[in-house]
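Colleague: My structure is below; once you've seen it, I'll send some questions.
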Amino acid sequence: MDDLFSQIETARATIAARCTITPRVGLILGSGLSGLADELADATVIPYADIPGFPRSTVHGHRGELAIGHLSGQPVMVLRGRFHFYEGYTMQQVTFPVRVMKALGCDTLLVTNAAGGLRPDWSVGDLMQINDQIFFPGMAGHHPLVGPNDDRLGLRFPAMVDAFDTDLAALAHTVAAEQGTTLRKGCYFMLTGPTFESAGELRFCRTFADAVGMSTAPEVVVARHGGMRVLGISLITNVALPDGPPANHIEVLEAGEAAKPKFAALLKGILARM
Ligand code: HPA
């Protein structure tokens, strides 16, 4: 099998042959948010199945295709549906699309997700700018950068204390304030899933973080490995408290649906000013 670098190049060439736009910003849209991709101008839509090396999405609510076009005047590449480690993909597969975004020309990653809020005073529908992350599977060895390092892709030992770009974060807060949208900030705790957390796991997570979810951290790591700037925003789809009601996937999707206009307006406002 080809090495990672050649696989990225094959995917890049396949996509580039089908569209004339060079994307600058890569967008990963989480549960329920993929509709934003329908708003692209000059869109080229490519099913993941057509791209060598791309896995296929298996979760209900996640579409398996990418779109390249303009959003708020910005050339973007949008992933409608991401890959999760809990689906059985390797961390290298989960992060492959980010490598391809970078190879196509994206210098910025705008990543979104649905997350459980760990703060009792936060509400369903709140947005949170991710200013830090705990990549729990990565800490336990499920890490996309394990293995030989290809120096053409990034450093052997990339730093993560500055993973989230402070200028982009400031822009996000400015745009949110102008739109009258509450934008919280906090640390995202990624665990593998697919189980929602036990009460003990929630007590553990809330000691260290503000929101919990099953995605994003590996993509952020690989984006930083590739030198991309990263902005992350979580939609709080449920309040995940040890003594609260159990979380379920339906409420996650419903909250995503309800917050879509607000979330979409924020993302578009940020893109317009980047
Ligand atoms: N836990 C983990 N992942 C999630 C949650 C949650 O409560 N809500 C949305 N994604």
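Every number in this text was worked out from the coordinates using simple rules, so none of it is lab data. In this text the structure is predicted, and so the values were computed from the model without any measurement. Reconstructed Cβ throughout: ideal geometry from the backbone, glycine too, with neighbour counts over all protein chains shown.
Colleague: What is the percent of Cα-Cα separations in region 208-264 that go past 17 Å?
Modeller: 53
Colleague: Still on this structure: Taking the Cα centre of the chain as origin, work out the dipole magnitude from +1 charges on Lys and Arg Cβ and -1 charges on Asp and Glu Cβ, in debye rounded to 20.
Modeller: 280
Colleague: So which lysines pass the test for K102, namely a Cα distance under 22 Å, with those fewer than 8 places away in the same chain ruled out?
Modeller: K268
Colleague: If you wrap a convex hull around the alpha carbons of region 175-242, what volume per residue comes out, as a whole number of Å³?
Modeller: Here the figure is 102 Å³ per residue.
Colleague: Could the peptides 142-148, 129-135 be put in order, highest first, of the mean number of other beta-carbon atoms found within 10 Å of their residues? Don't skip to the end; give the middle numbers.
Modeller: Values: 142-148: 15.3, 129-135: 20.7.
Packing proxy ranking, top to bottom: 129-135, 142-148.
Colleague: Counting pairs of Cα atoms in region 65-172, how many percent are more than 18 Å apart?
Modeller: Numbers: 3650 of 5778 pairs.
Counting pairs separated by more than 18 Å, the tail of P(r) holds 63 percent.
Colleague: Here is a follow-up. If a/c stays under 1.5 just call it rounded; otherwise compare a/b with b/c (prolate if a/b is bigger, oblate if not). Do that for region 74-127, with a ≥ b ≥ c from the square roots of the Cα gyration tensor eigenvalues. Please list the in-between numbers first.
Modeller: Numbers: a/c = 3.18, a/b = 1.52, b/c = 2.10.
Oblate shape, in that a/c is at least 1.5 and b/c is the bigger or equal ratio.
Colleague: Around L266, under 15 Å between beta carbons, what's the net of Lys plus Arg minus Asp minus Glu among the other residues? Display every interim value, and only then the final one.
Modeller: On the way: positive: R184, K185, K260, K262, K268, R273; negative: E39, D126, E178.
Combined, the nearby Lys, Arg, Asp and Glu give +3.
Colleague: Also: Classify region 136-214 from the C-alpha gyration tensor, please: rounded if a/c falls under 1.5, else prolate or oblate depending on whether a/b exceeds b/c.
Modeller: oblate
Colleague: Could you give the C-alpha radius of gyration of region 1-154 expressed as a fraction of 2.2 N^0.38 Å, taking N as the number of residues it contains?
Modeller: Values: Rg = 16.0 Å, N = 154, 2.2 N^0.38 = 14.9 Å.
Compactness ratio reported: 1.07.
Colleague: Kindly identify region 146-274 as rounded, prolate or oblate by the Cα gyration tensor criterion: order the square roots of the eigenvalues as a ≥ b ≥ c, call it rounded if a/c is under 1.5, otherwise compare a/b with b/c, prolate if a/b is larger, else oblate.
Modeller: Taking the square roots of the gyration eigenvalues as a ≥ b ≥ c, region 146-274 is oblate.
Colleague: Mind ranking 201-208, 70-77 by how tightly packed they are, going by the mean number of other C-beta atoms within 10 angstrom, highest first? Walk me through the numbers before you get to the answer.
Modeller: Values: 201-208: 16.9, 70-77: 20.0.
Averaged packing, sorted descending, gives the order 70-77, 201-208.
Colleague: Rg (Å, one decimal) plus Dmax (Å, integer) for the alpha carbons of the chain?
Modeller: 17.4, 53
Colleague: Also: For the chain, what does -39500 (n - 2.57) per DSSP helix run (n ≥ 4), summed and divided by total residues, give at 222 nm, in deg cm²/dmol to the nearest 500?
Modeller: So the calculated ellipticity at 222 nm is -10000 deg cm²/dmol.
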